[in-house]
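Student: Got a structure for you, questions after.
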Amino acid sequence: MNSIHDMGGMHGHGPIVRDESEAVFHEAWERSVFATMMLAPGYGLWNADESRYGMERMPPGEYLETPYYVHWLHSIELMLLEKGIITVEELTARIQALSAEEAD
Amino acid sequence: MSHHSRTKPPVTPALRAKAIETLLVEKGILDPGAIDEIVQLFETKIGPRNGAKVVAKAWADPNYKARLLRDGTAAIAELGFSGIQGEDMVVVENTPTVHNVTVCTLCSCYPWPVLGLPPTWYKSAPYRSRVVIEPRKVLEEFGLRIPAEVEIRVWDTNSELRYLVLPMRPEGSEGWAEEELADLVTRDSMIGTGLVLNPATLSWSQSKGTAS
């Protein structure tokens, strides 16, 4: 698929920014996303090719502007909804509930 | 999906991830214990120390090196490193006339069993887009000046096949034991964006360390 993820040779992305002291995961939510993605194939939810395809279908602007594990998160959400494992209503309600909890 | 709505406040990745995780745990799909286990594995066990052992063994044992270059997957598995994202390994050797560097232009493929999870820069748009068209310049930004007469080969990895660079054994490491040699091998030297440590510098820092 010819899309934003096919970056070899593209111009305009600027200098390479490195952090030599970075941790394996930067924030707790990255651990959660990583583990969910990794464990799902074992539970028969999806395979690696499907998960990659989920990332490749991210809107190009969002793909460029978000950190790496948001690509994974996007793919996980897409696959769970498409496969009917979680419904949009369930996900929306849960996010609202968690958001309200945080606001308290 | 609701979080893409422009009328609501933005939903953070942390909130989205927590929503998914809690729902999957409630449905009995995801096991919280397994989550901690897999995270710990990649935070503490699987990392470039594994690859360094492979490189050190190749430096110390010519027969192993021959096996490693012939069938990377099998030779790496001899040391107990195998599994996901390392199912098909190809080892590319640096020589006085060839320098190798690896990338995944499409995403983030990387040889997990020997190097662990990739650093953020490896997965970033600038590295993925640029190293294939201007490798010499990119390597210079990493502090690596490759002489003009040395050919640079860029290997674009993919979901089936992963590369590991076998750096050159540095002068001054003659007679070193395998475990000592492994201390010279950096993560970036196995990606191809860095050099191994200088044996003289390492000996000096270690002697300083024991003296203090």
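Values in this text are rule-based calculations from the coordinates and carry no lab data. Fair warning: this is a prediction, and the values are worked out from it, not measured in the lab. Neighbour counts are summed over all protein chains in view; Cβ atoms, including those assigned to glycine, are modelled from backbone coordinates with ideal geometry.
Student: Tell me which residues, restricted to the range B:164-201, are within 22 Å of residue A:22 (Cβ to Cβ), touching a strand residue (DSSP E or B) at 6+ places or on another chain (Cβ under 8 Å) and not polar (S, T, N, Q).
Tutor: Within the range B:164-201, B:164, B:165, B:190, B:191, B:192 qualify.
Student: Step by step: first the residues of the range A:77-91, then only those that are of a type in the set (Val, Ile, Thr) and touching a Lys or Arg at 6+ places or on another chain (Cβ under 9 Å), then the one that is farthest from the other protein chains (Cβ to nearest Cβ). Which residue is that?
Tutor: Within the range A:77-91, the match that is farthest from the other protein chains (Cβ to nearest Cβ) is A:85.
Student: Can you tell me which of B:146, B:152 is more than 30 Å from residue A:38 (Cβ to Cβ), in contact with a strand residue (DSSP E or B) (Cβ under 6 Å, 6 or more places away or on another chain) and assigned to a loop (DSSP other than H, G, I, E, B)? Give the steps one after another, and end with the answer.
Tutor: Numbers: B:152 fails: assigned to a loop (DSSP other than H, G, I, E, B).
Going through B:146, B:152 in turn, just one is more than 30 Å from residue A:38 (Cβ to Cβ), in contact with a strand residue (DSSP E or B) (Cβ under 6 Å, 6 or more places away or on another chain) and assigned to a loop (DSSP other than H, G, I, E, B): B:146.
Student: Right, another one. What helices (runs of 4 or more DSSP H) lie completely within the range B:1-95 and have 1 or more residues being away from chain A (no Cβ under 14 Å) and either surrounded by 13 or more Cβ atoms within 10 Å (Cβ to Cβ) or of a type in the set (Asp, Glu) (or both)? Reasoning before the result, please.
Tutor: On the way: elements: B:13-26, B:32-40, B:48-60, B:62-70, B:72-78.
Filter on the range B:1-95 gives B:48-60, B:62-70, B:72-78.
Student: Hey, another quick one. What pairs come out if I take residues in the range B:118-147 that are more than 9 Å from chain A (Cβ to nearest Cβ) and pair them with residues that are assigned to a helix (DSSP H, G or I) whose C-beta lies under 8 Å away, six or more apart or interchain?
Tutor: Cβ pairs passing all conditions: B:122/B:191; B:137/B:130; B:145/B:139; B:146/B:136; B:146/B:139.
Student: Tell me whether the range B:42-60 contains one or more residues that are more than 29 Å from residue A:5 (Cα to Cα), without any contact (Cβ under 8 Å) to a residue 12 or more places away in the chain and not aromatic (Phe, Trp, Tyr).
Tutor: Here is the first cut: in the range B:42-60, the ones more than 29 Å from residue A:5 (Cα to Cα) are B:44-45, B:49-50, B:52-60.
Filter again for without any contact (Cβ under 8 Å) to a residue 12 or more places away in the chain, leaving B:44-45.
Cutting the leftovers down to not aromatic (Phe, Trp, Tyr) gives us B:44-45.
Scanning the range B:42-60, I find at least one residue that is more than 29 Å from residue A:5 (Cα to Cα), without any contact (Cβ under 8 Å) to a residue 12 or more places away in the chain and not aromatic (Phe, Trp, Tyr), so the answer is yes.
Student: Looking at the range A:51-76, which of the residues that are within 10 Å of chain B (Cβ to nearest Cβ) and among the aliphatic types (A, V, I, L, M) is surrounded by the fewest Cβ atoms within 10 Å (Cβ to Cβ)?
Tutor: A:64
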